[in-house]
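Take a look at the following structure, please.
The values are calculated or read from the model by the stated rules, or taken from the named source; none is laboratory data. Everything quoted here is computed from the prediction, not taken from an experiment. Note that each Cβ is placed from the backbone with ideal geometry, even for glycine, and that neighbours are counted across all protein chains shown.
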Amino acid sequence: MSVSKSSPPSSPSSVCERAVNEPPGAAGSLPDNEAQKPSAKEIQISNMSDDTDSDLTNTWGTYWAYVHVLWRTTFRDICWPVNDDYARARRNHNKQRLEADEFIKSERPPQLSTEDMKEKFVPLLIGGLLHSPKATLIIMRAMHHLLEYCWKIRCDCLIYLRRFHWEEIDENESLKREFERQVELASRHEYWSVFEIPPACLHLFLNYTSPERCEYVLKQVHAMYEPLLIPVIKVMVDYYLKIKDPDRAMDLISRISPDQLQSRTGEDFEPRFVWLIRMDRVSHTETGMNFEFLSKLVKLGVTITPWLHNEVLERAVELRLPDVYWEMFRYMSDNNIEIDARRHLVLLRHCFDNRAVDDVNTIMTSIYERPDIRKNPLLVAYSMKMVGAVCSSHLRLSPEGSVQRMLAIYDQAFDRGPLVKVKLAEPLSKEDLPDELLPFPSAIQFGFILWACILVQRRDKAVDNIWRLFLHFLHSGDHYWCELGAHTVLYDAFVIYYSRNPVTIHKAEMVLETQYQMKLCKPKEITYKLMVSGYLLHGQDAEAQALGQIMMKRGVKPTLEGWDFVIKNYGESRFVARLLATLEGIPAPEGFQEKQHEHLSDEFAKWEPGARPQMP
């Protein structure tokens with residue numbers, strides 16, 4: 001949960017504020033029903049007055065009050081500037097940015113006196129935020145002892161970095177390690193507010209610390225803040241869903257009253273209900289099979305919206321419960337509950353995989369009757385692909401017969417012009433022209449449509465003609481076809497077709513080289529995976545290994561997820577053995593990892609303050 005532009009920052013309610021607003025020794029002066037055990041930091045602060053000069057105590061008390069007022073106003077100005085004018089905010093605080101720049105350029109950390117710390121604390125932090133994430137983290141390390149007394153300020157800095165600079169931090173291992181170190185320091189419960197924990201801070205702790213630390217944080221939240229506020233519950237539910245622990249998420253949702261779930265608060269929870277259903281499981285009861293979490297949500301009074309109905313339908317398909325999903329399909333159709341395009345496609349794919357041709361026809365009829373078919377190019381392209389697969393694989397129709405049935409869907413949404421240019425269709429007669437002019441599909445949409453048309457072909461000559469026409473349009477500079485050539489989808493279709501046969505697989509190599517020569521788009525990992533699968537299918541292990549080396553030289557790095565299909569189906573090949581060795585990496589020399597970690601931490605370690613400044 002990043003800081004939102006549209007809402008003001010959470011009001012600081014840290015331990016040090018409480019020490020400022022209450023007299024020494026008053027840390028436990030809450031009413032009996034609200035009293036909690038004071039934290040170690042509160043005890044430390046409240047006891048300082050016994051052995052510290054009273055003038056110094058008054059000075060520091062005034063200072064902390066000043067710090068938080070200054071921080072709130074300045075931090076709000078750089079996070080939520082008037083009219084979202086961030087450039088003006090940067091200009092207004094350019095002096096602080098220059099001070100931060102001077103600070104971090106020092107060869108050795110400046111030795112700041114107590115008075116210097118008091119004066120520079122907020123300006124340096126603000127300047128660091130405006131300068132760079134590295135500057136901010138350096139200053140936070142140097143000001144560590146002061147930040148111990150300003151828990152909320154530390155959190156604000158980290159939230160700001162997450163919101164504005166996360167991409168830069170995530171790409172730099174040194175910055176990322178220091179960021180996580182600062183988050184871990186902030187997650188120590190002895191520094192938290194005794195009144196509430198801001199949801200943004202809790203989100204930070206649960207997403208940027210180790211799983212063990214997250215469990216510690218959750219335990220402390222339950223111990224310190226019961227009963228939990230709804231914004232806090234939301235963050236905790238999100239975390240449980242992220243780690244795929246729906247039972248604990250459901251337990252927290254059950255704490256919310258039915259009235260609140262029916263209110264606007266309940267609307268905010270609907271995406272979380274969706275994720276619960278996506279992880280739902282079926283239990284067998286006396287009345288039959290029931291979805292566990294769905295049943296609990298109904299008991300809580302949650303309204304099952306069309307969105308949730310569609311999710312239940314898809315979950316039933318995933319769990320292979322045909323009686324359940326067909327019953328849901330009929331129920332939604334009879335009650336005019338819209339089945340969205342994605343679920344139609346999920347059902348279509350499931351019926352196709354199970355070779356249920358009659359069910360495919362039922363779903364295709366529903367898709368054909370959808371009023372939004374013209375507005376949903378994905379629905380058109382994917383339906384054409386499924387129809388082509390059914391016609392070609394199951395019904396064994398000729399390529400021309402398959403294309404004609406695919407055109408029945410295409411003609412509902414798009415003009416035939418692009419298909420006519422590649423000789424996959426004839427122009428419609430005047431009698432068959434639609435009442436209104438239809439648009440051309442966008443280039444990327446047409447790429448998926450051509451994909452479907454190419455894969456139903458059985459004659460190499462027909463595909464060769466499409467390839468030659470495609471190249472002709474590219475060389476002629478036709479804007480539409482050049483835009484199509486800027487996406488890998490059509491190239492991948494040719495690679496799949498040519499890789500089916502050991503006689504034509506060399507043409508797949510030609511497609512790959514053409515991509516590099518045309519410089520419109522580079523082959524992606526999936527393109528290489530398709531070609532390698534073709535080589536291994538035909539027992540050409542050496543060629544697959546050679547292509548893998550070319551892929552690595554051209555900077556395409558393999559991933560375990562991307563090559564899962566190849567690993568499962570061709571696990572005994574030499575190519576897969578080399579691929580796994582590459583993915584696992586060569587073991588580092590003894591002591592290398594430790595030295596590397598020392599190097600990463602040294603960059604910030606020199607900024608660690610020495611003697612702790614004395615402060616009440």
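Condition (residue is in contact with a Cys (Cβ under 9 Å, 6 or more places away or on another chain), closer than 25 Å to Pro322 by Cβ and not aromatic (Phe, Trp, Tyr)) applied to segment 363-376: is it met by at least one residue?
Scanning segment 363-376, I find at least one residue that is in contact with a Cys (Cβ under 9 Å, 6 or more places away or on another chain), closer than 25 Å to Pro322 by Cβ and not aromatic (Phe, Trp, Tyr), so the answer is yes.
So how many residues does segment 456-484 have that are over 25 Å from Glu400 (Cα atoms) and without any contact (Cβ under 8 Å) to a residue 60 or more places away in the chain?
Kept after step one, since they are over 25 Å from Glu400 (Cα atoms), are these residues of segment 456-484: 474-480, 482-483.
So of that shortlist, the ones also without any contact (Cβ under 8 Å) to a residue 60 or more places away in the chain come out as 474-479, 482-483.
So the answer is 8.
In addition: Just for segment 172-206: of the residues that are among the aromatic types (Phe, Trp, Tyr) and under 15 Å from Val235 (Cβ atoms), which one is modelled with the lowest pLDDT?
Selected residue: Trp192.
Test of understanding: among Arg396, Arg416, Arg370, Arg405, which residue is within 37 Å of the chain's Cα centre (by Cα), more than 26 Å from Thr514 (Cα to Cα) and basic (Lys, Arg)? If you could, list the steps in order and put the result at the bottom.
Numbers: Arg396 fails: within 37 Å of the chain's Cα centre (by Cα); Arg416 fails: within 37 Å of the chain's Cα centre (by Cα); Arg405 fails: within 37 Å of the chain's Cα centre (by Cα).
The conditions single out Arg370.
Scan segment 401-421 residue by residue and report those that are of a type in the set (Phe, Trp, Tyr) and part of a helix (DSSP H, G or I).
Keep residues of segment 401-421 that are of a type in the set (Phe, Trp, Tyr), which gives 410, 414.
Correct list: Tyr410 only.
Do the conditions hold for Thr305, that is, is it closer than 22 Å to Ser254 by Cβ and polar (S, T, N, Q)?
Criteria met by Thr305.
A further question on this structure: When you check Ile230 against the structure, is it without any contact (Cβ under 8 Å) to a residue 40 or more places away in the chain and either assigned by TED's automatic domain parsing to the domain that holds His145 or out of contact with any strand residue (DSSP E or B) (no Cβ under 6 Å at 6 or more places or on another chain) (or both), yes or no? Don't jump to the end; show me each part of the working.
Values: without any contact (Cβ under 8 Å) to a residue 40 or more places away in the chain: yes; either assigned by TED's automatic domain parsing to the domain that holds His145 or out of contact with any strand residue (DSSP E or B) (no Cβ under 6 Å at 6 or more places or on another chain) (or both): yes.
Yes.
For segment 539-588, name all the residues that are surrounded by 14 or more Cβ atoms within 10 Å (Cβ to Cβ) and assigned to a loop (DSSP other than H, G, I, E, B).
Listed by number, the residues that qualify are Gln540, Val556, Pro558, Gly562, Trp563, Tyr570, Ser573.
Which of the following residues is in contact with a His (Cβ under 7 Å, 6 or more places away or on another chain) and outside the structural domain of Thr559 (by TED's automatic domain parsing): Ile496, Ile444?
Numbers: Ile496 fails: in contact with a His (Cβ under 7 Å, 6 or more places away or on another chain).
Exactly one residue qualifies, and that residue is Ile444.
Taking the stated definitions as given, is Leu474 aliphatic (A, V, I, L, M), closer than 18 Å to Ala425 by Cα and surrounded by fewer than 19 Cβ atoms within 10 Å (Cβ to Cβ)?
no
Condition first: assigned by TED's automatic domain parsing to the domain that holds Val495 and farther than 30 Å from Asn501 by Cα. Can you find one or more residues in segment 384-407 that meet it?
No, segment 384-407 contains no residue that is assigned by TED's automatic domain parsing to the domain that holds Val495 and farther than 30 Å from Asn501 by Cα.
Select the helices (runs of 4 or more DSSP H) contained entirely in segment 127-203, then report the ones holding at least 2 residues which are buried (at least 19 other Cβ atoms within 10 Å of the Cβ), touching a residue at least 60 places away in the same chain (Cβ under 8 Å) and aliphatic (A, V, I, L, M).
Numbers: elements: 133-142, 144-147, 151-171, 173-186.
The qualifying helices (runs of 4 or more DSSP H) are 133-142, 151-171.
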